[in-house]
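Q: The following block contains the structure, expressed as structure tokens.
The values are calculated or read from the model by the stated rules, or taken from the named source; none is laboratory data. This one's a predicted model, so the numbers in the text were calculated from it and none came from an experiment. Please note: Cβ atoms are built from the backbone with ideal geometry, for glycine as well, and neighbour counts cover all protein chains shown. Heads up: the accessible areas ignore ligands, DNA and RNA and are worked out on the full protein's heavy atoms, side chains in. Shrake-Rupley method; radii C 1.70, N 1.55, O 1.52, S 1.80 Å.
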Amino acid sequence: MPFDDESFDAVVCQFGVMFFDKNAAFCEVHRTLRRGGNYLFSVWDSRRYNPFASLTFEVMKQFFPSNPPTFLEEPVSCFQIDPIKEALIASDFGQITISVHRREHDLVDVMAFAKGLVFSPLIEEIRERDEVDPEEIVKVLAEALTSEFGSNLTRYPMQATLFEAEKPRERHAAASDT
């Protein structure tokens, strides 16, 4: 990152960690944080707790049975806590707090939600296949969401994991220093 060492008191990343090299990113965040600085980030939990990914993948399989787009696997790919915690420890973070947050959100417009899912980076995979009108996928996905969670004001479950890590206030003695 184009920032000086120990430039920041805090670094926050909401639902981005699953899209980049965690080890490299955690080392860079550690480098740019001041001693005692905090790194906070969230990741989506698994498909089990975030049915938008599962439902969308099932709809994709209807349209592309032999080669469904897989982008929505990425957002729910960091649900295992221990590998992330170990990567933070390896990057010399301390005071790691991990919490799971389950919420039900009101979807006022299921069609708009479905459109947002389809016209995310997933759209590139759909367009590469050049077989189906994306608007047709939106319609079928909205129907699947409504069938699963109801219509009108839809109560939709989502679950995320929040990681909070602190850069130690004191330098750790390297093995060669002891």
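Q: Taking residue 85 as the anchor, which lysines have their alpha carbon closer than 16 Å to its alpha carbon, excluding any fewer than eight residues away along the same chain?
A: Straight-line reach from residue 85, under 16 Å: 22, 167.
Q: Assigning unit charges at the beta carbon (Lys, Arg +1; Asp, Glu -1) and nothing else, what dipole magnitude in debye, to the nearest 20, does segment 32-137 show about its Cα centre?
A: 660
Q: Given R₀ = 35 Å, what would the calculated FRET efficiency be for residue 12 paired with residue 127, taking r from the Cβ atoms and rounding to 0.05?
A: 0.60
Q: How many percent of DSSP beta bridges within the chain run antiparallel, rounded to 5?
A: Among the beta bridges of the chain, antiparallel pairing accounts for roughly 75 percent.
Q: What is the dipole size for the chain, taken about its Cα centre, with +1 at each Lys and Arg Cβ and -1 at each Asp and Glu Cβ, in debye to the nearest 20?
A: The dipole magnitude comes to about 520 debye.
Q: What percentage of the solvent-accessible surface of segment 1-120, computed with a 1.4 Å probe over protein heavy atoms, is contributed by carbon and sulfur atoms?
A: Ligands and nucleic acids excluded, carbon and sulfur give 53 percent.
Q: Most mobile of 51, 168, 121 per a Gaussian network model of the chain (Cα springs, under 10 Å)?
A: In the Gaussian network model the winner is 121.
Q: Only helical DSSP H runs with n ≥ 4 go in: add -39500 (n - 2.57) per run for the chain, normalise by residue count and round the 222 nm mean residue ellipticity to 500 deg cm²/dmol.
A: Helices in the chain give a 222 nm mean residue ellipticity of -11500 deg cm²/dmol.
Q: Residue 23 versus residue 102, label points 7 Å from Cα toward the beta carbon: distance in nm?
A: About 3.4 nm, to one decimal.
Q: As a test of reading the structure, rank 27, 13, 78 by solvent-accessible area (1.4 Å probe, protein chains only), most first.
A: Most to least solvent-accessible, the answer reads 27, 13, 78.
Q: So, one more: Which lysines, if any, have their Cα less than 18 Å from the Cα of residue 115, not counting same-chain residues under 8 positions apart?
A: Partners found: 61, 139.
Q: Right, something else. Name the residue farthest towards the positive end of the dipole of the chain from the options 117, 101, 66, assuming +1 on Cβ of Lys and Arg, -1 on Cβ of Asp and Glu, about the Cα centre.
A: 101
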